[in-house]
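J.: What follows is a structure written as structure tokens; I'll ask about it next.
What follows draws every value from the coordinates through simple rules; no lab data is involved. What you see is a predicted model; the values in this text were computed from it and never measured. Cβ sites come from the backbone with ideal geometry, for glycine too, and all protein chains shown count toward neighbours.
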Amino acid sequence: MPTTAAVSDSLYESLFAPSPADAVAAEVRAGLTSTPKTLSPWLFYDENGSRLFERITELPEYYLTRIERGLFHTHADEIIKHASEPTGNDPAPMLTLIELGAGTATKTGILLAAIVRRQRTVVYQPVDVSETALAEATENIRSNIPGVTVRCQVADYTTQALPLNRLPNTRTLALYIGSSIGNFSPDDACSVLRNLRAQLLPGDRLLLGTDLVPGESKTVAHLLGAYNDASGTTAAFNRNVLVRLNRELGANFHPENFEHKARWNASESRIEMHLISPIAQQVHIPANSAGSALTLKFAPGETIHTENSHKFTPGRIRSLLHASGFTLTHTWTDPERFFAVNLATAI
Ligand code: AVI
């Protein structure tokens, strides 16, 4: 297994995390002085950005959360049955659930309830960099699903060793859902899964949620709609990163002078989010811990690339898992093949 040094610096802060001022200053300087200009997606998730993301997951156009939740509702017992199957000389074991980037764990309750139906009790270990999200997850689960022991861990799952609390004769089922894997480049996605695999035993399982490429029913228009919704929530989420830079770095962006744009990049199989400057403009960022003051010049039409959201073919899911030390065993999709939930075994 590769060491965590294979994980790039941009992964260090992980997604969904409030981050120290120095890390924000350094990331912004590196991204906005490069060509083309970029900002890392983890910068989205300040308090307001996290709230906007929660709203995105409830939008009619953002099918990802709704379909994944539906797949859990329909198939939870089957998923857990397969995850608990005996392999080799490992007789039907009790599962322990660990969740990477658990957030508030709203969908996980469906799987936990299925595990409790099968084995009466379960230890659930949500891992996230956000303490507040974990507190909410614990409260949700403890008050709604008797039989679950919650052991939260604040950690950066992309680079740090996971706090696996392995009881004798248990198998770990790791959850990485919500298409979060899609926000990493193909190489970084492999590094994140290898970091996970390095901490599992052969026979442990991974449940991975992946958004799918357009196909017979799913069109590019569906994808673009999910990232450019009619209510403007995704646009507000995208522009909020500029509001954050004004507040935290004293920058003088006029967010209304940047247009939200979602585009489908077919050759890279990803939705890209950009903030486009329709006019020539300058933005000032005062000196900070990362260096001296910056004056950023934007030409008309120039963009800041803020996020990639990769979409997968079944073959790509299989090869990513294989390259990371897992074998794909089962996939559940909705009838129109918008989204897939994949069960894999650590080899
Ligand atoms: C968190 N992640 C899986 C979301 C996605 O779909 O890539 C983030 C997001 N960006 C815009 N809308 C949602």
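J.: Just checking, how many residues over segment 58-81 are farther than 14 Å from K107 by Cα, away from the ligand (no atom under 16 Å from the Cβ) and surrounded by fewer than 16 Cβ atoms within 10 Å (Cβ to Cβ)?
T.: Looking only at that region, the number is 3.
J.: Let me ask something additional. Being of a type in the set (A, V, I, L, M) and crowded, with 22+ Cβ neighbours inside 10 Å is the filter; apply it to segment 296-339 and report the residue that is farthest from the ligand (Cβ to nearest atom).
T.: L321
J.: Then there's this: Looking at segment 164-176, can you tell me whether even one residue there is within 18 Å of E307 (Cα to Cα) and of a type in the set (S, T, N, Q)?
T.: No, that holds for no residue.
J.: Between a first residue in segment 43-61 that is of a type in the set (A, V, I, L, M) and a second residue that is in a loop (DSSP other than H, G, I, E, B) and within 9 Å of the ligand (Cβ to nearest atom), which pairs have beta carbons less than 6 Å apart while being 6 or more apart in sequence or on different chains?
T.: Hits for this filter: I56/Y62; L59/D229.
J.: Okay, next question. Please determine whether any residue of segment 174-183 is more than 16 Å from the ligand (Cβ to nearest atom) and either surrounded by 20 or more Cβ atoms within 10 Å (Cβ to Cβ) or in contact (Cβ under 8 Å) with a residue 24 or more places away in the chain (or both).
T.: Scanning segment 174-183, I find at least one residue that is more than 16 Å from the ligand (Cβ to nearest atom) and either surrounded by 20 or more Cβ atoms within 10 Å (Cβ to Cβ) or in contact (Cβ under 8 Å) with a residue 24 or more places away in the chain (or both), so the answer is yes.
J.: Something else: Consider W42 against the criteria (1) over 26 Å from A221 (Cβ atoms); (2) in contact with a strand residue (DSSP E or B) (Cβ under 8 Å, 6 or more places away or on another chain); (3) crowded, with 18+ Cβ neighbours inside 10 Å: it satisfies all of them except one. Which criterion is unmet?
T.: (2)
J.: Right, next: For G203, state whether it is away from the ligand (no atom under 14 Å from the Cβ), touching a Ser or Thr at 6+ places or on another chain (Cβ under 9 Å) and not polar (S, T, N, Q).
T.: For G203, the condition - away from the ligand (no atom under 14 Å from the Cβ), touching a Ser or Thr at 6+ places or on another chain (Cβ under 9 Å) and not polar (S, T, N, Q) - is met.
J.: Among all residue pairs at least 6 apart or on different chains, which show Cβ distances below 6 Å where the first residue, located in segment 201-229, is in contact (Cβ under 8 Å) with a residue 24 or more places away in the chain and among the acidic types (D, E) and the second is part of a loop (DSSP other than H, G, I, E, B) and within 14 Å of the ligand (Cβ to nearest atom)?
T.: If the second residue must be part of a loop (DSSP other than H, G, I, E, B) and within 14 Å of the ligand (Cβ to nearest atom), the pairs left are D211/S179; D211/K311; D229/L59; D229/E61.
J.: Kindly indicate the residue of segment 135-173 that is over 12 Å from E99 (Cβ atoms) and surrounded by 21 or more Cβ atoms within 10 Å (Cβ to Cβ) and also nearest to the ligand (Cβ to nearest atom) among those meeting that condition.
T.: Among residues in segment 135-173 that are over 12 Å from E99 (Cβ atoms) and surrounded by 21 or more Cβ atoms within 10 Å (Cβ to Cβ), the one nearest to the ligand (Cβ to nearest atom) is T158.
J.: Of the numbered conditions (1) surrounded by fewer than 14 Cβ atoms within 10 Å (Cβ to Cβ); (2) farther than 23 Å from T329 by Cβ, N89 satisfies every one except a single condition; which is it?
T.: Unmet for N89, out of (1) surrounded by fewer than 14 Cβ atoms within 10 Å (Cβ to Cβ); (2) farther than 23 Å from T329 by Cβ: (2).
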